[in-house]
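Participant: One structure is given below, represented as C-alpha cells, and several questions about it will come after.
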C-alpha cells in the first residue's frame, strides 16, 4: 500500500508540473505585445551621440566629426512628433526645432522620420528604436541625414551620421 501511494504521488506531481509548463506564458513575453503609437505619446528628454562622416564634396562635410544631441521630443500618441534640440557637431553648436512622423509596431520597435533644417537646407533622418523599461525609456539608433553628393555610386545616398542614444519619459 505504501508503495502504491508513492508511485501515485510522483505521477500526480509530474503531471501537475508538465501541465504548468505546457500552459504557462512567461510574463516577460507578454509585456512585449500590443504596443501602438499611443505608447510613445508624451514628452521625452533625449540624448544621443555618434559620428558624422561625409565626403568633402557634400554641403554637410563641415559637420564631420563627433556629434551629440540633447533636447526634448513630444509625441502625440497618433504618429506625429516634434522636437527642440541642441546639436554639437565637432564643436559647432546648432539649435533647431523639427517635426516628423513615427510608427510603433506591436512588438515595441519603432521608426521615426524627421526633416531637420541643417545649415539652411532640409535633410531627412531615420530613427529606429525600441520601447523598454516598462515604457519609461526608448533606445534608439539614428541613420542620416543622407546625401547623394560625393557618393561613389551615382544616385545612391551616403549616410551622413550614425548615432545611438536614449529617450527618457518625462
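The values are calculated or read from the model by the stated rules, or taken from the named source; none is laboratory data. The structure presented is a predicted model; accordingly, all values stated were derived computationally and were not measured. Note that each Cβ is placed from the backbone with ideal geometry, even for glycine, and that neighbours are counted across all protein chains shown.
Participant: With respect to residue 110, determine if the residue is in contact (Cβ under 8 Å) with a residue 24 or more places away in the chain, within 21 Å of residue 37 (Cα to Cα), crowded, with 17+ Cβ neighbours inside 10 Å and within 17 Å of the chain's Cα centre (by Cα).
Facilitator: Yes.
One line per residue, one yes/no per condition, for (1) surrounded by 14 or more Cβ atoms within 10 Å (Cβ to Cβ); (2) touching a strand residue (DSSP E or B) at 6+ places or on another chain (Cβ under 7 Å); (3) at pLDDT 55 or above:
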| residue | (1), (2), (3) |
| --- | --- |
| 9 | no, no, no |
| 12 | no, no, no |
| 48 | yes, yes, yes |
| 58 | yes, yes, yes |
| 62 | yes, no, yes |
| 85 | yes, yes, yes |
| 89 | yes, yes, yes |
| 98 | yes, yes, yes |
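Participant: Continuing with this model, one more query. If you scan segment 37-92, which residues turn out to be in a loop (DSSP other than H, G, I, E, B) and touching a helix residue (DSSP H, G or I) at 6+ places or on another chain (Cβ under 8 Å)?
Facilitator: 54, 55, 77, 78, 79, 90
Participant: Quick check, is residue 142 modelled with pLDDT of 60 or more and surrounded by 19 or more Cβ atoms within 10 Å (Cβ to Cβ)?
Facilitator: yes
Participant: Ok, one more. Residue under question is residue 164, and the condition is that it be at pLDDT below 95, surrounded by 15 or more Cβ atoms within 10 Å (Cβ to Cβ), out of contact with any helix residue (DSSP H, G or I) (no Cβ under 6 Å at 6 or more places or on another chain) and not in a loop (DSSP other than H, G, I, E, B); does it hold?
Facilitator: no
Participant: Kindly establish whether residue 70 is more than 15 Å from residue 162 (Cα to Cα), surrounded by 14 or more Cβ atoms within 10 Å (Cβ to Cβ), in contact (Cβ under 8 Å) with a residue 12 or more places away in the chain and under 12 Å from the mean Cα position of the chain (by Cα).
Facilitator: no
Participant: To continue, here is another question. Please go through segment 103-139 and pick out each residue that is modelled with pLDDT under 85 and part of a loop (DSSP other than H, G, I, E, B).
Facilitator: Hits for segment 103-139 are 119, 120.
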